[in-house]
Amino acid sequence: MNAPALMNWTLALPELVLAIVGMAILVFGVLRKGDATFPASMLTLGGFLLAAILVASRTPGVGFNGQFEVDSFSMFMKELLLAGAALSLILSLDYNRQEGLSRFEFPVLMLFAVVGMMIMTSASNMMTLYLGVELQSLSLYVLAAFARDDARSTEAGLKYFVLGALASGLLLYGIALVYGFSGTMDFAELTKLLTKPETASPGVIVGVVFILTGLMFKISAVPFHMWTPDVYEGAPTPVTVFFATAPKVAAMALVLRVMSTPFGHLLGSWQLLIILISIASMILGALGAIGQTNIKRLMAYSSIGHMGYALIGLAPGTPEGVRGVLVYMIVYVFMSAGAFACIIAMRRRGRAVEQISELSGLARTDPGLALGMAVFMFSMAGVPPLSGFFGKLYVFLAAVQSGLWALAVIGVLTSVVGAFYYLRIVKVMYFDAPAEAFDRRPAALSFVAAATGLFTTFFFIFPAPFVNAAQAAAKALF
Amino acid sequence: MNEAGFPVLSLITWLPLVGGVVIMSVRGDEATVASNARWTALWTSLIVLALSLILWVKFDPTEPGFQFVEEVKWLPEYGVGYKMGVDGISVLFVLLSTLLTPICVLASWDVITKSVREYMLMFLILETMMVGMFCALDFVVFYIFFEGVLVPMFLIIGIWGGPRRVYSAFKFFLFTFAGSVLMLLALLAMWFQAGTSDMTVLLKTQFPPAMQTWLFLAFFASFAVKVPMWPVHTWLPDAHVEAPTAGSVILAAVLLKMGAYGFLRFSVPMLPQASVAFAPFIFTLSVVAVIYTSYVALAQEDMKKLIAYSSVAHMGVVTIGIFTFNIQGIQGALFQMLSHGIVSGALFLIVGVVYDRIHSREISRYGGLADRMPVYALVFMLFMMAANGLPGTSGFVGEFLVIVGAMQVNFWLALLGGLGMILGAAYMLYLCRRVIFGRLTKADLRTILDLSPREIAVFAPLAVLTLWMGIYPSSFTSFFDASVAAMVQHHTQAMAAPVADPTGIVVKLAQGLH
């Protein structure tokens, strides 16, 4: 904050460009006669690509009078969430057409959600943080209810909205408390004020707990996970993919930044909370998924569990831990996008099917799809040499380094329980008698599944660049 | 560059995968694909076997350290590298794995008719994982191979297995996985402590005794399940009974050795104090395994289950040998591991021969096979005797050395451990009498055919090796003489040296006592 009056608005160029592209697409969609979904989607993809290039070409700095910060951490997270958003958008193309959801607002809503997320990752002030969260959330509420004639989708949208509004309220209340007891919303100022944990006022601590609650809702960690299975199940599947990838990255970015930078010195006050949330998420994610018959609900519990594992890396409050979370998030985004690509491919006679039993004998009827799904399942279970193993490796390493043994031991044991339901899907596909074949899948699905599958399988050959990037990003927070 | 002049270990590790890619890229109708898959798998595994013989020829038995070492940077910032190498302890297991893979391919030649291509692919992947695990000199690499074995084995049991294959496959996977993840934590703790996951460095690192206890328990969780030791052996009979013949062979011959190899490679040399402290515990479990599972084997009605229980008993002898910490004991354990690898593999193949013809493993379904199948009866007797430890066969040398080693530790240990030989003779001879001898009364056995040339080709190398190992064991023990001697010496030194005690608790306790 050496130059407080500095605007430095070019730092936010990717966000600005993306927002302008979004508005342009809106105008284009309204003016164009006939179905504008496909061109709008392509333009949105182009916008994501442009934003990704712009993000990569930023130089770190602070702008908007200290409200907006670009550092290697935010750049890392932005690239990752753009990748997740782009993958979900590609997956939506054919699905929306087949399900009669072809409306050009879909990519636009996604785009504005992404703008919100990018602002979240760059927030260096409580106001910016809240602004980003709300921009993202409002777009996501609409997306969840996008299949508006479908009762389940409407229910999902409403549920997400009511609970999301509550979480936003809690977040805002926490921000207010922190501001009231410390007199500032600026992260850098807060960091300086809270250097000595013993002098921190209890009001600030209560505020931190509220902020944490709001953010834990966004990453669907236990006990703020209630909405996840219903929303995952009810929302159109491409929206579920989107929910499982980009917003998780953005919310995790916020959690990491807020907990490490302004409240980093209060580690002693919030560490136990994170440990408990992490353990609860891992246990619930593992046990809750066992009884599921709907694969989207199963994935919801799986993502709750994954967030539990990722939070292991936050608990130590060290750069190594944050590095672990970041590696985990890379791996998680590609794994989830791939698994959902396989789920979207589950269509029979023109209708999407979601029961796990529908996968029966897939290895015989569609070996390629079965192989892809099996790779993602084994990877999510954390079986080496697939990428999921490396995600777990780095968070467990951080936990072990900080002596958080209980967390590490519970983590590995729940991963065994989790392995059971992932294996169950492999069992249904490989060991059971074949059911009727699925419809021919569109090329876009095969492309996403193959690309993410190759990433997941061969991550072990070239982990160094990803781990090093995560390392550099994590250092920026400390 | 290493002794061979080229990265031979990486080549034999990864070549099977190349074969797998070839298999998967074959197009055509089902019969073409199947026959292509068979031949590609056979040739790949034979080439790998031929390449691995370079190790046999070029390995320097006088050198106790690692040979054929190769290293590639992988995650240099974290002290993780792709490092491969073999010493006297691991080299023969590499050869065992490369020998058994072509035998398994050959044994499944006509038997497997469903998804042949995927089946052969699984065995080639399995070979990569097994060889890689025995060659790995980096902890992370080791763990990847160690765990990677689970996936192909899970699929082999689950897809080509018997009626209860799903239950068995899950049990196999989850038991082993649960043990391994605890080992992962130990791995991370050691990695953090030493700053590197290079096993050659870890072997020289001293860990504080309090930490050793926990590390030992974590390793124990993994290796005890894999060996398997009583009472965590229950997955083994299930997995063996349901797995296809070749799957059982690999399971018994190589996968069980991974646990014992882990004890030899990690627990004993890296955690000497904890190993000594836990030795009585291991001895107790091993003796229980030897006696209890032998009795259980005696009561079995299913041939595969009987052999599976006998495996648990034989591996009990191995763990006794390892924890004697003397040259005879460890050499005996290693020899017993090799011998069991060949003999138990052959025994499962023997069961597979009649199972392929009659489709039953019930002992009571058979009787008097010697009349119709003289060659089969001969092979049956040979491996049965080798399993009993008859002098002149490979089984004798290992058990004898272990008993000699155990005698130096404790008379009762040697006595109770040696009881396994007697009980082994009991259940094996009983099995032999019921299957091979007696009167040929069953109608469908009157037309049963003797071994085909393909089956003879499968058994011949195993029979030769069994006799060779029994008659002239030195050609095998010479490989690990130096390494075992160095290991025992290292252990004695570690135990004699003042205990590294950074916190000074031991010193303070000692002062307090005076």
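For chain A, what class follows from the C-alpha gyration tensor (a ≥ b ≥ c being the square roots of its eigenvalues): rounded when a/c is under 1.5, otherwise prolate if a/b is larger than b/c, else oblate?
oblate
Please report the buried accessible area for the interface of A with B, total over both chains, probe 1.4 Å, in Å² to the nearest 100.
Buried surface at the A/B interface: approximately 3200 Å².
If you count, for each residue, the other Cβ atoms within 10 Å and average over each peptide, how do B:351-357, B:61-67 line up from highest to lowest?
My ranking of the peptides, most packed first, is B:351-357, B:61-67.
Which whole number gives the average count of other chain Cβ atoms within 10 Å of the Cβ atoms across peptide B:140-150?
On the way: counts 6, 3, 0, 4, 8, 2, 1, 5, 7, 0, 6.
What the average comes to for B:140-150 is 4.
Sort the following peptides by mean Cβ neighbour count (other Cβ atoms within 10 Å, averaged over residues), highest first: A:24-33, B:45-54.
B:45-54, A:24-33
Helix-derived [θ] at 222 nm for the protein assembly as shown: sum -39500 (n - 2.57) over DSSP H runs of at least 4, divide by residue count, nearest 500?
It lands at -24500 deg cm²/dmol.
Please give me the summed charge of the neighbours of B:THR447: other residues whose Cβ is under 11 Å from its Cβ, Lys and Arg +1, Asp and Glu -1.
Overall, the nearby charge balance is +3.
Please report, as a whole percent, how much of the solvent-accessible surface of the stretch A:1-98 comes from carbon and sulfur atoms (probe radius 1.4 Å).
Taking all protein chains in place, the stretch A:1-98 shows 71 percent carbon and sulfur surface.
Restrict the search to the stretch B:406-505; then list the trypsin sites (Lys or Arg not before Pro) that DSSP places in a loop and that have at most 12 other Cβ atoms within 10 Å of their Cβ. Spell out each step's value before the answer.
Working: sites: B:ARG433, B:ARG434, B:ARG439, B:LYS442, B:ARG446, B:ARG454; in loops: B:ARG439, B:LYS442.
Sparse-neighbourhood loop trypsin sites (Lys or Arg not before Pro): B:ARG439.
Report the calculated FRET efficiency for A:LYS475 and B:SER364 (r = Cβ-Cβ distance, R0 = 60 Å), to the nearest 0.05.
0.30
Express the carbon and sulfur contribution to the solvent-accessible surface of the stretch B:1-158 as a percent, rounded to the nearest whole number, probe 1.4 angstrom. Can you show the working numbers first?
Details: 3460 of 5180 Å².
So the carbon and sulfur contribution to the accessible surface is 67 percent.
Given A:LYS392/A:LYS475; B:LYS171/B:LYS305; B:LYS204/B:LYS257; A:LYS78/A:LYS475; B:LYS226/B:LYS257, which pairs have Cα atoms separated by over 18 Å?
Listed pairs above 18 Å: A:LYS392/A:LYS475; B:LYS204/B:LYS257.
Accessible area per residue, 1.4 Å probe, Å², for chain B: what's the number? It would help to have the intermediate numbers written out before the result.
Numbers: 17450 Å² over 514 residues.
I get 34 Å² per residue for chain B.
In degrees, nearest 10, range 0 to 90: what is the angle between the Cα axis of helix A:319-344 and the longest Cα principal axis of chain A?
30
Taking the Cα-to-Cβ direction at B:ASP302 and at B:LEU53 and moving 7 Å from each Cα, how far apart do the two end points lie in nm?
Each label point lies 7 Å from its Cα, and together they span 3.9 nm.
Obtain the nm distance between the two label points defined at A:PHE462 and B:VAL111 by a simple spin-label model: each point lies 7 Å from its Cα along the Cα-to-C-beta direction.
4.2
With a cut-off of 19 Å, note down the residues of the stretch A:413-437 whose backbone N falls inside the zone around a label point 7 Å from the Cα of B:GLU30 toward its beta carbon.
Those under the cut-off are A:430-437.
Between A:ILE290 and A:ALA451, 0.36 nm times their residue separation minus their Cα-Cα distance comes to what?
55.1 nm
For the ranges A:225-232, A:262-269, what's the packing order if you count other beta-carbon atoms within 10 Å of each residue, average per peptide, and put the highest first?
A:225-232, A:262-269
Once phi is turned into ³J(HN,Hα) by the Karplus curve 6.51 cos²θ - 1.76 cosθ + 1.60 with θ = phi - 60°, what whole-Hz value does each residue of the stretch A:459-472 show in order, with x for glycine and proline?
Ordered by residue, 3J(HN,Hα) equals 3, 5, 6, 10, x, 4, x, 5, 5, 5, 4, 5, 4, 5 Hz.
Pop the C-beta distance of A:LEU26 and A:ALA443 into the FRET formula with R0 = 41 Å and round what comes out to the nearest 0.05.
0.90
Once both axes come from the Cα atoms, what is the angle between helix A:405-430 and the longest principal axis of chain A, in degrees from 0 to 90, rounded to 10?
The angle comes out at about 20 degrees.
How far apart, in nm, are two points set 7 Å out from the Cα along the Cα-to-Cβ line at A:SER201 and at A:LEU50?
Placing both labels 7 Å along Cα→Cβ, they lie 4.7 nm apart.
Is the stretch B:101-159 best put as rounded, prolate or oblate by its Cα gyration tensor, with a ≥ b ≥ c the root eigenvalues, rounded for a/c under 1.5, and otherwise prolate when a/b is larger than b/c, oblate when not?
Prolate shape, in that a/c is at least 1.5 and a/b is the bigger ratio.
Could you work out what % of the accessible surface of the stretch A:146-210 is carbon and sulfur, using a 1.4 angstrom probe and leaving DNA, RNA and ligands out of the count?
The value for the stretch A:146-210 is 69 percent carbon and sulfur by accessible area.
I'd like the residues of the stretch A:432-478 whose 1.4 Å-probe accessible area shrinks by no less than 50 Å² going from the isolated chain to the full set of protein chains.
none
For peptide A:174-185, compute the average count of partner chain beta-carbon atoms within 10 Å of each residue's beta-carbon.
Shielding by partners across A:174-185 averages 0.
Please list, ordered by chain and number, the residues whose modelled amide H lies under 5 Å from the amide H of A:MET185; skip anything fewer than 5 residues away on the same chain.
none
Other chains' Cβ within 10 Å of A:417-426 residues: what's the mean?
3
Quick check: from the Cα gyration tensor, does the stretch A:77-144 come out rounded (a/c under 1.5), prolate or oblate?
Since a/c reaches 1.5 but b/c is at least a/b, the shape of the stretch A:77-144 is classed as oblate.
The values are calculated or read from the model by the stated rules, or taken from the named source; none is laboratory data. Being a predicted model, the structure only gives us computed values, none of them experimental. Glycine gets a Cβ as well: all are built from the backbone with ideal geometry, and neighbour counts include every protein chain shown. Keep in mind that these areas ignore ligands, DNA and RNA; they rest on the heavy atoms of the full protein, side chains included. Shrake-Rupley method; radii C 1.70, N 1.55, O 1.52, S 1.80 Å.
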